[in-house]
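Written out below as structure tokens is the structure these notes cover.
The values are calculated or read from the model by the stated rules, or taken from the named source; none is laboratory data. Given the structure is predicted, the values throughout are model-derived calculations rather than measurements. Please note: Cβ atoms are built from the backbone with ideal geometry, for glycine as well, and neighbour counts cover all protein chains shown. We work out accessible area using only protein heavy atoms, side chains counted, and drop any ligands, DNA or RNA first. Shrake-Rupley method; radii C 1.70, N 1.55, O 1.52, S 1.80 Å.
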Amino acid sequence: MANITNYKIELNAEKVRKFGYQVAGHPGVLEADDGKIVMKPLDERELQFYEGSKACPEIQPFLATFHGHLKHTDRDVDNAEEPAEEKEYLCLENLVHGLKEPCVMDVKIG
């Protein structure tokens, strides 16, 4: 079991699934079985951003809650025949959790 901040999820093939609302970015985004946490493949620059943003409380209302990062080993959720591989993920609040048919826009600045 992985303890991420105050949120606990069991990380195995039965408890993680492919994220259904990804509109752009790198493939391989997962979500916890209950849908509350999105697991994005780790990008060092993004990790540095989220860790550094803790020092800027004024921007926190505009960001998904950062729950840390972790290593997760399982089979590819699209191809269970592939050998297991350990990958590192950022764990973020799922901003569309609980919404019916959300409309998502991916905005890049800079």
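Looking at the range 58-69, can you tell me whether even one residue there is within 14 Å of the chain's Cα centre (by Cα), open to solvent by less than 90 Å² (accessible area, probe 1.4 Å), of a type in the set (A, V, I, L, M, F, W, C) and modelled with pLDDT under 85?
no
What pairs can you find where one residue is in the range 30-49 and more than 11 Å from Cys91 (Cα to Cα), the other is surrounded by fewer than 21 Cβ atoms within 10 Å (Cβ to Cβ) and of a type in the set (Gly, Ala, Ser), and their Cβ atoms are less than 9 Å apart, with a gap of 6+ or different chains?
Between residues of the range 30-49 that are more than 11 Å from Cys91 (Cα to Cα) and residues that are surrounded by fewer than 21 Cβ atoms within 10 Å (Cβ to Cβ) and of a type in the set (Gly, Ala, Ser), the close pairs are Gly35/Gly98.
Sort out which residues of the range 39-53 are hydroxyl-bearing (Ser, Thr, Tyr) and either touching a helix residue (DSSP H, G or I) at 6+ places or on another chain (Cβ under 7 Å) or open to solvent by 80 Å² or more (accessible area, probe 1.4 Å) (or both), and write them in order of number.
Answer for the range 39-53, where residues must be hydroxyl-bearing (Ser, Thr, Tyr) and either touching a helix residue (DSSP H, G or I) at 6+ places or on another chain (Cβ under 7 Å) or open to solvent by 80 Å² or more (accessible area, probe 1.4 Å) (or both): just Ser53.
Within the bounds of the range 79-99, is there any residue that is modelled with pLDDT under 80, in contact with a strand residue (DSSP E or B) (Cβ under 7 Å, 6 or more places away or on another chain) and of a type in the set (S, T, N, Q)?
no
Within the range 87-110, how many residues are among the aliphatic types (A, V, I, L, M) and under 21 Å from Asp34 (Cβ atoms)?
6
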